[in-house]
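All remarks here apply to the structure that follows.
Nothing in this text is a laboratory measurement; each read-out follows from the coordinates by a stated rule. Please read all numbers here as calculations on a predicted model, not as lab measurements.
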Amino acid sequence: MAIDKAIVAFSVLLAMPFMTAARAATTEQQKGQVLAVIQSVADEWNKAQVTPTSQFGTDLTIVDNTPPYLFQGPEAVQNWLRAYRDAQPPAATKAETSLRFLEPKTVEIKGASAYIAVPAEWTVTLDGRSGVSHGVVTATLNWTSQGWRIAAWIWTPQ
């Protein structure tokens, strides 16, 4: 009986590194999936200047340094873009913008919720001249039947 317990204990000890590695691999895979959702928003924006909405949940909250600073609900993205464009000088209608993410500071996943803080560069190019704003995008995501969807998107300039 003592030998059986020893064999079971030894087997568990041997299996632990494999269980930990599998758990870590899943976490890295999940982090990659969550980061891919955030990156797809930047990719959509950068490609066609379209309104990226497929990655956002219907209960979305956006906090930005564009007045009125808070945008919520199914129309949050459209309302934010309208406010952003309305706040720009008339010549800026011809400007090209792009969003680029740097190495994430934080990616946390707990069950069906995720939290990300990632430094970003917002570049505006007009008449061959570019200006870069540095900031951090902080986002929360929820797991839905369609996959990860962004619930909150916050831009904090630095």
What per residue convex hull volume, in Å³, comes out for segment 46-106 when only alpha-carbon positions are used? 119 Å³
P(r), alpha carbons of segment 30-157 - 10 Å bins starting at zero, rounded %: 12, 45, 33, 8, 1
